[in-house]
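A short write-up of the structure that comes next.
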Amino acid sequence: MATRPNTPAAEAAPAGQGPIALVDLSGELSEALAEKEDLAAENLLLKQRLEAIDQQLAELRAKPRAAEPNQPKRNEDGDPIFDEAEPHGLVVGDSDVAFVQNGHQFGRDKRYVRDEPKGSPKAFNPKLVGVVRLRTVQAA
């Protein structure tokens, strides 16, 4: 038996085929690197925009809110303050509550007691608070 001599792969290729050519990937590599740089720049821009938006939101949250219309004034604890200049109801027959205003109940000393129970179709709920008479303030 004859042994075949060790030959390089190019020589071992069948007849009619040339040596295996290396594919030049440098063009695709440069395109991929350029795309990566573009994406990194876009990512940096988006991060800067997000930081600017976060800063604007922080500034908005830091500003004191203006009083909303038709909402009672509130003290530092967040409890409503009774305002005699606004329409309110006088409560008769309840030992704790003397006034009702904007859905809140106030005692005889005009300090906040609690919210009115929800679900009443009327502005004042005489069933749960006693008898309520509407008292409007005349403009001077």
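For every residue, the table says whether it meets (1) under 28 Å from the mean Cα position of the chain (by Cα); (2) exposed (fewer than 10 other Cβ atoms within 10 Å of the Cβ); (3) at pLDDT 70 or above.
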{"site": "A2", "(1), (2), (3)": "no, yes, no"}
{"site": "A9", "(1), (2), (3)": "no, yes, no"}
{"site": "A13", "(1), (2), (3)": "no, no, no"}
{"site": "G18", "(1), (2), (3)": "no, yes, no"}
{"site": "G27", "(1), (2), (3)": "no, yes, yes"}
{"site": "E31", "(1), (2), (3)": "no, no, yes"}
{"site": "E59", "(1), (2), (3)": "yes, yes, yes"}
{"site": "K63", "(1), (2), (3)": "yes, yes, yes"}
> Which fully enclosed strands (runs of 3 or more DSSP E) of the stretch 82-128 have 3 or more residues being touching a Gly at 6+ places or on another chain (Cβ under 6 Å), at pLDDT 80 or above and surrounded by fewer than 13 Cβ atoms within 10 Å (Cβ to Cβ)?
Replying inline: none
>> Residue pairs, Cβ under 6 Å, 6 or more apart or interchain, first in the stretch 87-102 and over 13 Å from E116 (Cβ atoms), second at pLDDT 85 or above. List them.
In response: A98/G107; A98/R108
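The values are calculated or read from the model by the stated rules, or taken from the named source; none is laboratory data. A quick note: this is a predicted structure, and the numbers were derived from the prediction, not measured. Backbone-built Cβ (ideal geometry, glycine too); neighbour counts: all protein chains shown.
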